[in-house]
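The values are calculated or read from the model by the stated rules, or taken from the named source; none is laboratory data. Everything quoted here is computed from the prediction, not taken from an experiment. Please note: Cβ atoms are built from the backbone with ideal geometry, for glycine as well, and neighbour counts cover all protein chains shown. The accessibility values were calculated without ligands, DNA or RNA, using every heavy atom of the protein model including side chains. Shrake-Rupley method; radii C 1.70, N 1.55, O 1.52, S 1.80 Å.
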Amino acid sequence: MKTEYKTKQKSLIERLLIENRDRHLTADDITDLLRAKGDDVGRTTVYRTLERLVRDNKVRRFSMPQGDSACYQYIEEGKKCSEHFHLKCSVCGTLLHMECEQMSLLNSHIAEHHGFKVDNFKTVLYGVCGNCVGENQ
C-alpha cells in the first residue's frame with residue numbers, strides 16, 4: 001500500500017478550501033488565491049491534490065456542462081449536497097446551494113405525480129444571480 005504524505009502544498013490547498021467552504025472554486029481559482037497569499041503552488045499540484053481530496057471524500061467535485069471548469073467545495077461533516085438544488089449564474093459563474101422548502105415540495109410533487117426521483121446533486125438551474133442582475137439594471 002502506498003503511503004501518503006501530508007505535504008505543505010496539500011495542507012495549504014485543504015486549508016484554503018476549508019476557509020472558503022461556502023464557495024465553489026475552480027482549480028484556477030485555488031491556484032490564484034494561493035499565489036495572492038504568497039504561496040506558490042503549481043496548477044498540477046492543485047489538480048493532483050483535488051483528485052486525492054475528492055477520492056478521500058473531503059471535497060466535492062461539481063462537473064459543469066459545456067466545457068466549463070469543474071468546481072470544488074470542501075465537505076463539511078454532516079452536510080449532504082444531494083438534499084438541495086444548485087443555482088448557476090450565467091454571467092459570473094457563481095454556483096449557489098438552494099436550500100428551500102418550496103423545492104422540497106417540488107421534489108415530492110415530481111415523485112408522487114410523475115413517478116420520477118430527481119437527483120438534486122446533479123440538478124443545476126441556470127439564470128442570473130442577484131449581484132449580476134443589479135449590475136445590469
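Residues of region 72-82 include at least one that is modelled with pLDDT under 75 and acidic (Asp, Glu).
In region 89-102 there is no residue matching the filter, namely being assigned to a helix (DSSP H, G or I), open to solvent by 50 Å² or more (accessible area, probe 1.4 Å) and touching a residue at least 12 places away in the same chain (Cβ under 8 Å).
Of all residues in region 52-67, exactly one satisfies the criterion of being over 18 Å from residue 8 (Cβ atoms), surrounded by 14 or more Cβ atoms within 10 Å (Cβ to Cβ) and modelled with pLDDT of 90 or more, namely 54.
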